[in-house]
Amino acid sequence: MTDGRHACYAPDGRAAAEAEFTARYPAYLTTPAVDELRAADYSRLDRLGHVYLDYTGGGLYAEGQVRRHHDLLAENVFGNPHSQNPTSLAMTHLVEQARAYVLAFFNADPDEYTVVFTANASGALKLVGES
């Protein structure tokens, strides 16, 4: 049942509501990759009944990121990147790899650009503002 603008969202009205929605927004049917990504890497949102809308305030981490990061930390020992011992050199190498990846992603010449990691956007803006 609709009033011309909104479908009835009772459980038995879901199919009709979905049909009305896809009729009004047919491009939605071209985005199954988003649903697949959500099911694969963000399943906790559905499992816990969450809708997350504050990505600019704090991005959600993917379950695959957590697994890969866990494996990286479980299989290595990383030290202070400003020292010269083996664990510190391993960390320095990892940081330099990350910098190179960011530069390559943006197609930025490393002779012209430098990647600086900060704790958050506020820290980055403070650094830029004070330099």
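The values are calculated or read from the model by the stated rules, or taken from the named source; none is laboratory data. On a predicted model such as this, the values are computed, not experimentally measured, just so you know. Here the Cβ positions follow ideal geometry from the backbone for every residue, glycine too, while neighbour counts run over all protein chains shown.
Residues of segment 92-130 that are more than 22 Å from residue 58 (Cα to Cα), assigned to a helix (DSSP H, G or I) and of a type in the set (D, E, K, R): 96, 130.
Of the residues making up segment 40-56, one or more are over 14 Å from the mean Cα position of the chain (by Cα), of a type in the set (A, V, I, L, M), outside any loop (DSSP other than H, G, I, E, B) and modelled with pLDDT of 95 or more. Screening residue 59 against (1) modelled with pLDDT of 95 or more; (2) of a type outside the set (A, V, I, L, M); (3) not in a helix (DSSP H, G or I) leaves a single unmet condition, (1).
Of the residues that make up segment 78-91, is at least one closer than 27 Å to residue 57 by Cα and small (Gly, Ala, Ser)? Working first, answer last.
Here is the first cut: in segment 78-91, the ones closer than 27 Å to residue 57 by Cα are none.
Looking for residues that are closer than 27 Å to residue 57 by Cα and small (Gly, Ala, Ser), one finds none in segment 78-91, hence no.
One line per residue, one yes/no per condition, for (1) of a type outside the set (A, V, I, L, M); (2) within 27 Å of residue 63 (Cα to Cα); (3) in contact (Cβ under 8 Å) with a residue 12 or more places away in the chain; (4) touching a strand residue (DSSP E or B) at 6+ places or on another chain (Cβ under 6 Å):
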position	(1), (2), (3), (4)
19	no, no, no, no
28	yes, yes, no, no
32	yes, yes, no, no
40	no, yes, yes, no
49	yes, yes, no, no
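Restricting attention to segment 64-100, the residues that are within 26 Å of residue 122 (Cα to Cα), modelled with pLDDT of 95 or more and either exposed (fewer than 11 other Cβ atoms within 10 Å of the Cβ) or of a type in the set (Lys, Arg) (or both) add up to 2. Scanning segment 19-63 for residues that are surrounded by 11 or more Cβ atoms within 10 Å (Cβ to Cβ) and small (Gly, Ala, Ser) gives 19, 39, 40, 43, 62.
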